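Participant: For reference, the structure I am asking about is given below.
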Amino acid sequence: MNAKVVLKIARNLVIVTVMLVVGGWLAFVPSAKESPYRFVTAWGEKGNGPGQFNDPIGIAVADGEVFVSDSRNGRIQVFDLDGRFKRAFGTPGEEPGKLGRPMNLAIHRGDLYVAEYFNDRVQVFGLDGTPKRIVGKPGSGPGEFKAAGGVAVAANGDLFVADFYNHRVQQLKADGSFVRQWGTTGKIGVWAGEFNYPTDVALAPDGTLYVADGYNDRIQAFAPEGGFRGKWGGPFAINIFGPFNGWFATATRVAVDKSGNVFVADFYNQRIQKFNADGAFLTSFGTPGQGPGNFNYAIAVAAAEDGTVFAVDYGNNRIQKWRPAGRVGR
Amino acid sequence: MKMTWRQTVLIVSLLLMSTAAVAAPQVYKLGVDGLACPFCAYGVEKKLKAVKGVEKVDVDIKTGNVIVTVVEGAVFDQATAKKAVTEAGFTLRGFEKIPQGTSK
């Protein structure tokens with residue numbers, strides 16, 4: 001083989017590689033359709049006093065109040081929309097009213113639903129902190145949990161629970177009786193309808209169920225009747241993680257705003273990503289660090305009625321408030 | 001022999017010191033691969049806390065190090081640690097007993 005042939009082969013290899021990279025980028029790295037959000041303020045620091053946190057993990061917003069699961073302190077803290085402390089409830093423990101590592105939160109018709117990792121249950125409180133009832137117990141049977149990670153509540157009161165160590169999502173009636181599940185109990189999978197440590201769930205206004213499929217680095221969507229609707233997160237959404245638009249590095253929270261947009265806490269990428277209801281990437285915000293607008297692991301997000309977004313900055317033990325900066329482009 | 005008050009104080013102090021030494025907790029450092037976020041860190045913590053004698057578990061997700069404090073007299077060996085970590089879905093890559101006073 002002479003030098004001319006070698007050069008030709010090398011040139012062709014370079015061309016093919018460039019085409020693959022460009023094609024892959026165009027196919028799997030979408031551009032933003034909205035401008036990033038604008039950082040407004042942040043509050044909190046490490047500690048156990050009012051307004052301090054020790055592992056803040058979950059967040060929910062309703063009626064002008066922000067609810068935060070202060071996990072290691074075993075309590076829920078409540079703030080106004082500007083971060084002023086209002087009240088707290090719960091202490092570490094197993095008895096009703098106590099909390100064992102509260103995780104992602106949901107609010108439905110004046111009640112706060114708390115997924116408890118250590119107690120393997122969902123506990124329901126009034127928004128004033130009054131304990132109301134407990135759903136679930138430890139185990140792998142129907143209506144049982146192995147580390148409840150997140151919960152969503154349907155209009156009819158049914159609960160949807162991310163059952164983290166059982167690798168499934170369960171739908172239960174309000175009294176805890178089993179309705180159905182997605183995923184195979186105790187079995188990890190990367191294909192459609194399978195899970196790899198699901199961390200959270202959310203219900204859209206149209207009844208679509210979104211699942212943060214944590215270690216599969218993706219979001220899965222299911223129709224109200226239960227059928228698989230779609231998934232996104234990296235090429236083919238099959239547990240390929242990365243830092244690009246629309247990709248994830250451990251999805252720890254999924255939340256839906258009143259328009260049906262989907263927000264995802266992208267833990268290791270230190271950012272919040274926003275998608276439309278079909279999973280098309282819209283924008284993202286947050287960069288690594290400790291300053292304004294920086295995250296030291298973004299673990300949760302919640303959207304208020306007016307479009308304001310609150311995010312939990314896990315490693316910095318604080319809550320961040322962001323607002324849309326206005327739409328651009330197409 | 002008549003004991004002076006100084007001798008009494010000395011003997012009581014020595015007895016208290018020796019009791020404290022016997023009752024001192026043991027501290028172990030576990031290296032765990034794959035810890036990614038609080039969801040898995042809490043899983044390791046939950047499993048280790050279920051082991052008899054374990055009174056405290058501190059997980060550092062950045063380094064993957066897990067510091068386990070065990071009450072004096074409890075059995076906590078590498079096999080026990082490995083079982084708990086494996087059941088939590090992770091791999092134990094290191095196990096060492098930390099001499100008291102150097103756990104930080």
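Participant: For residues that are outside any loop (DSSP other than H, G, I, E, B) and aromatic (Phe, Trp, Tyr), scanning just region A:200-242, find the one that is nearest to A:Val254 (Cα to Cα).
Facilitator: Checking each candidate, the answer is A:Tyr210.
Participant: Out of all the residues in region A:225-238, is one or more within 21 Å of A:Asp163 (Cβ to Cβ), without any contact (Cβ under 8 Å) to a residue 24 or more places away in the chain and open to solvent by less than 20 Å² (accessible area, probe 1.4 Å)?
Facilitator: Scanning region A:225-238 turns up at least one residue that is within 21 Å of A:Asp163 (Cβ to Cβ), without any contact (Cβ under 8 Å) to a residue 24 or more places away in the chain and open to solvent by less than 20 Å² (accessible area, probe 1.4 Å).
Participant: Right, A:Arg72: of a type in the set (Lys, Arg), open to solvent by 60 Å² or more (accessible area, probe 1.4 Å) and under 30 Å from A:Val124 (Cβ atoms) or not?
Facilitator: yes
Participant: Kindly indicate the residue of region A:91-118 that is within 15 Å of A:Arg75 (Cβ to Cβ) and more than 14 Å from chain B (Cβ to nearest Cβ) and also nearest to the chain's Cα centre (by Cα) among those meeting that condition.
Facilitator: A:Leu105
Participant: Got at least one residue in region A:168-185 being within 14 Å of chain B (Cβ to nearest Cβ) and at pLDDT 95 or above?
Facilitator: No, region A:168-185 contains no residue that is within 14 Å of chain B (Cβ to nearest Cβ) and at pLDDT 95 or above.
Participant: Also, quick follow-up: How many of the residues making up region B:65-91 are open to solvent by 70 Å² or more (accessible area, probe 1.4 Å), within 14 Å of another protein chain (Cβ to nearest Cβ) and touching a strand residue (DSSP E or B) at 6+ places or on another chain (Cβ under 8 Å)?
Facilitator: 1
Participant: Only one of (1) under 20 Å from A:Thr184 (Cα atoms); (2) open to solvent by 10 Å² or more (accessible area, probe 1.4 Å); (3) touching a residue at least 40 places away in the same chain (Cβ under 8 Å); (4) among the charged types (D, E, K, R) fails for A:Asp206. Which number is that?
Facilitator: (1)
Participant: Would you pick out the residues in region A:288-314 that are surrounded by 14 or more Cβ atoms within 10 Å (Cβ to Cβ) and either at pLDDT below 95 or away from chain B (no Cβ under 14 Å) (or both)?
Facilitator: Hits for region A:288-314 are A:Gly293, A:Asn294, A:Val301, A:Ala302, A:Ala303, A:Ala304, A:Gly307, A:Thr308, A:Val309, A:Phe310, A:Ala311.
Participant: Scan (1) touching a helix residue (DSSP H, G or I) at 6+ places or on another chain (Cβ under 9 Å); (2) within 14 Å of another protein chain (Cβ to nearest Cβ); (3) outside any helix (DSSP H, G or I); (4) not hydrophobic (A, V, I, L, M, F, W, C) for the single condition B:Lys62 breaks and write down its number.
Facilitator: B:Lys62 satisfies all of (1) touching a helix residue (DSSP H, G or I) at 6+ places or on another chain (Cβ under 9 Å); (2) within 14 Å of another protein chain (Cβ to nearest Cβ); (3) outside any helix (DSSP H, G or I); (4) not hydrophobic (A, V, I, L, M, F, W, C) except (1).
Participant: Pick from A:Gly150, A:Gly157, A:Gly143, A:Gly136: which is at pLDDT 95 or above and surrounded by fewer than 16 Cβ atoms within 10 Å (Cβ to Cβ)?
Facilitator: A:Gly157
Participant: To continue, here is another question. Scan region A:83-99 and give yes if some residue there is closer than 21 Å to A:Asp213 by Cβ, open to solvent by 10 Å² or more (accessible area, probe 1.4 Å) and touching a strand residue (DSSP E or B) at 6+ places or on another chain (Cβ under 9 Å), otherwise no.
Facilitator: No, every residue in region A:83-99 fails to be closer than 21 Å to A:Asp213 by Cβ, open to solvent by 10 Å² or more (accessible area, probe 1.4 Å) and touching a strand residue (DSSP E or B) at 6+ places or on another chain (Cβ under 9 Å).
Participant: Something else: Considering each of B:Ala20, B:Ala36 in turn, give the residue that is at pLDDT below 95 and over 23 Å from A:Asp55 (Cα atoms).
Facilitator: B:Ala20
Participant: Another question about this same structure. Select the strands (runs of 3 or more DSSP E) contained entirely in region A:70-150, then report the ones holding at least 2 residues which are among the β-branched types (Val, Ile, Thr).
Facilitator: Result: A:75-80, A:121-126, A:131-135.
Participant: Let me ask you something else. Is it fair to say A:Gly246 is away from chain B (no Cβ under 14 Å), in contact with a Lys or Arg (Cβ under 8 Å, 6 or more places away or on another chain) and assigned to a loop (DSSP other than H, G, I, E, B)?
Facilitator: No.
Participant: Continuing with this model, one more query. Which one is farthest from the other protein chains (Cβ to nearest Cβ) among residues in region A:249-268 that are open to solvent by 30 Å² or more (accessible area, probe 1.4 Å) and either within 19 Å of A:Ala32 (Cβ to Cβ) or free of Cβ contacts under 8 Å to residues at least 40 places away in the same chain (or both)?
Facilitator: A:Ser259
Participant: Would you point out which residue out of A:Gly44, A:Gly64 is at positive phi and in contact with a Gly (Cβ under 7 Å, 6 or more places away or on another chain)?
Facilitator: Result: A:Gly44 is the single residue among A:Gly44, A:Gly64 that is at positive phi and in contact with a Gly (Cβ under 7 Å, 6 or more places away or on another chain).
The values are calculated or read from the model by the stated rules, or taken from the named source; none is laboratory data. These figures come from a predicted structure and were not determined experimentally. Every residue, glycine as well, gets a Cβ built from its backbone with ideal geometry; the counts of neighbours run over all protein chains shown. Just the protein is used for accessible areas: all its heavy atoms, side chains included, with ligands, DNA and RNA removed. Shrake-Rupley method; radii C 1.70, N 1.55, O 1.52, S 1.80 Å.
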